[in-house]
Amino acid sequence: MHFYDRIVEYFYGWMIETMSESKKLTEPTLGKVLPVQITTMLISVTAMFIDSLIIGIFLKDDALAAYGLTTPITLFITAFGGMISNGVQVLAGESAGAGDKERLDRIFSTSMIIGLAGSLIVLLGTFIFSRPLAVLLGANSDTLVDLTSDYLKGIAFCFPMIVLVLVIPTFMQLNGTRKHLVVSAFLLIIIDAVFDILNVKVFHGGMLGMALASTFSYLISSVYLFWGFFRKKDYHFKLTFFKNDIVKGIFHFGLLYLTYKLCQVFLSLAINKILSKFGGKDFIAANSIISSINLMTGSFPSGFGSTTTIISSFFFGKKDKQGFRVFVKKAILLSVIIDVVIALAAIILAPQLTNAFNPESAKVYELAVFGLRLFSVSIVFNTVSYIIKNSSQSVKNVKRAYAICIINDLALPLGFAFIVLAVKGISWIWLCYTIGQLIAMVISLLLIWREKEGWYGK
């Protein structure tokens, strides 16, 4: 079969699957799972991307810089939700592979309880300590502190929805009820855009209003998603299903994702600090534009990663080594092809993408265009490392998974940030992602190449 035919088969299979609901636990495949996982990632970031777009157009560079400073906090809450989701993907994938429906119900109930409880704690902490957090994040003027604090206060109420929307899709993947994820995503985009425009044109709510617009949008789309999910009655939620051993399993397997996201938090915080010290407000605003665009393009590495976890765990539960190896090779090949297209599109369309944010100064525009082009190439290398990392975790090669995570998502990009700063200057700082993650990918490939068992585990 030619590769083109395989691509058509993947996406045709997904479309057919989304049009038909099934209450049976079906074997997850790349063509069926990947598009929905990418869509799921888009759900969790779309409102924030729209926020940044509207902020850039109507509230200008100070507000855009403040929005960029909040990135570590939003990364942290997605880290928490993603940690639970990643742990659930491993546990639920294995249980589905073994045909254990009762354990799936217990995993579902336990994950929902800890997701809601944890997100409420983060909500309260962010709301109460919004001003100290703004200073910690790098706000270096009264104006930036006020703007950053206002946005944090409003977006905090969105945290429970973000977490739960990250947890539920795994269960929807396993019982074949996927179309509600796609509808929910489009619903979120439309409602958030409308609420944002109302905020700037009618209510004049500033950064607090922008954050509340996202929160209400998440609430409405989440209610639709939960309604579509729970009315099928494929899974049963009970407080008595809460099990400590499942909590331990979720945190054990989800800790890798938490580590990954915390690496991103620290890297984002470090880059913002470097930009604030050596560049100033224009560099922070430009980085905010780049980060906002990366919210969308970054959904592809994340989608490939979560797809890898679900399907690899399924094959591991079935004890199907050959199926696992074939899947991972297909995932890597497909990721390279898709990511090259995305990277080229981002490089070519960098001026248009930057203009969409309507930067106030020519310097911010030039920095954002240049930085986006430097950054975009990294998506190809990042995704390959992501697939190898998550497949390693799914077959219990945890040491290798953590090693790849740390070098790819923190150590090498941050190390090269200082090298680029010393050699080329602050304007080239975004090159650190591409160089660091290229070397991380090479190391990841070498780690699996040296093993006689492929990368299935020892």
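The values are calculated or read from the model by the stated rules, or taken from the named source; none is laboratory data. Remember, it's a predicted structure, so these values are computed and weren't measured experimentally. Reconstructed Cβ throughout: ideal geometry from the backbone, glycine too, with neighbour counts over all protein chains shown. For the accessible areas, the whole protein counts, side chains as well, though only heavy atoms, and no ligand, DNA or RNA atoms are used. Shrake-Rupley method; radii C 1.70, N 1.55, O 1.52, S 1.80 Å.
Taking the options 286, 270, name whichever one is within 20 Å of residue 414 (Cα to Cα), over 18 Å from the mean Cα position of the chain (by Cα) and buried (at least 23 other Cβ atoms within 10 Å of the Cβ).
Of 286, 270, the one residue that is within 20 Å of residue 414 (Cα to Cα), over 18 Å from the mean Cα position of the chain (by Cα) and buried (at least 23 other Cβ atoms within 10 Å of the Cβ) is 286.
Is there a residue being surrounded by fewer than 15 Cβ atoms within 10 Å (Cβ to Cβ), farther than 17 Å from residue 269 by Cβ and hydroxyl-bearing (Ser, Thr, Tyr) anywhere in region 131-144?
Within region 131-144, one or more residues are surrounded by fewer than 15 Cβ atoms within 10 Å (Cβ to Cβ), farther than 17 Å from residue 269 by Cβ and hydroxyl-bearing (Ser, Thr, Tyr).
Pick out the one residue from 384, 420 that is in a helix (DSSP H, G or I), over 21 Å from residue 300 (Cα atoms) and either open to solvent by less than 40 Å² (accessible area, probe 1.4 Å) or touching a residue at least 60 places away in the same chain (Cβ under 8 Å) (or both).
The match here is 420.
May I ask you to list the residues in region 185-199 that are in contact (Cβ under 8 Å) with a residue 12 or more places away in the chain, closer than 16 Å to residue 165 by Cα and open to solvent by 60 Å² or more (accessible area, probe 1.4 Å)?
189
Can you say whether residue 157 is crowded, with 22+ Cβ neighbours inside 10 Å, among the aromatic types (Phe, Trp, Tyr) and touching a residue at least 24 places away in the same chain (Cβ under 8 Å), as far as the supplied structure shows?
When the stated conditions are applied, residue 157 does not pass them.
Among the residues of region 300-332, what is the count of those that are within 30 Å of residue 366 (Cα to Cα) and at pLDDT 85 or above? Write out each step before concluding.
Residues of region 300-332 within 30 Å of residue 366 (Cα to Cα): 300-302.
This time we only want the ones that are at pLDDT 85 or above, so: 300-301.
Total meeting the criteria: 2.
Would you confirm whether any residue within region 261-277 is without any contact (Cβ under 8 Å) to a residue 12 or more places away in the chain and either assigned to a helix (DSSP H, G or I) or closer than 30 Å to residue 28 by Cα (or both)?
So far as region 261-277 goes, yes, one or more of its residues are without any contact (Cβ under 8 Å) to a residue 12 or more places away in the chain and either assigned to a helix (DSSP H, G or I) or closer than 30 Å to residue 28 by Cα (or both).
What number of residues within region 318-330 satisfy the criterion of being in contact with a Phe, Trp or Tyr (Cβ under 6 Å, 6 or more places away or on another chain), open to solvent by less than 30 Å² (accessible area, probe 1.4 Å) and in contact (Cβ under 8 Å) with a residue 24 or more places away in the chain?
1
With the condition kept exactly as written, say whether any residue in region 98-107 is within 25 Å of residue 256 (Cα to Cα) and touching a His at 6+ places or on another chain (Cβ under 9 Å).
Checking region 98-107: at least one residue is within 25 Å of residue 256 (Cα to Cα) and touching a His at 6+ places or on another chain (Cβ under 9 Å).
Taking residue 335, is it touching a helix residue (DSSP H, G or I) at 6+ places or on another chain (Cβ under 9 Å), of a type in the set (S, T, N, Q) and over 22 Å from residue 272 (Cβ atoms)?
Judged against the criteria, residue 335 is a match.
Check region 83-100 and report whether any residue there is open to solvent by 10 Å² or more (accessible area, probe 1.4 Å), free of Cβ contacts under 8 Å to residues at least 40 places away in the same chain, part of a helix (DSSP H, G or I) and more than 26 Å from residue 304 (Cβ to Cβ).
No - not one qualifying residue is present in region 83-100.
Could you list all residues from region 32-55 that are crowded, with 24+ Cβ neighbours inside 10 Å and at pLDDT 85 or above?
Passing the criteria: only 55.
Does residue 417 fit the bill of being at pLDDT 95 or above and farther than 27 Å from residue 251 by Cα?
Yes, satisfied.
Within region 346-366, can one find any residue that is surrounded by fewer than 24 Cβ atoms within 10 Å (Cβ to Cβ), touching a Pro at 6+ places or on another chain (Cβ under 6 Å) and modelled with pLDDT of 85 or more?
Of region 346-366, the ones surrounded by fewer than 24 Cβ atoms within 10 Å (Cβ to Cβ) are 346-353, 355-356, 358, 360-363, 365-366.
Imposing the further condition that a residue be touching a Pro at 6+ places or on another chain (Cβ under 6 Å) reduces the set to 365.
Subset that is modelled with pLDDT of 85 or more: 365.
Yes, the conditions are met somewhere in region 346-366.
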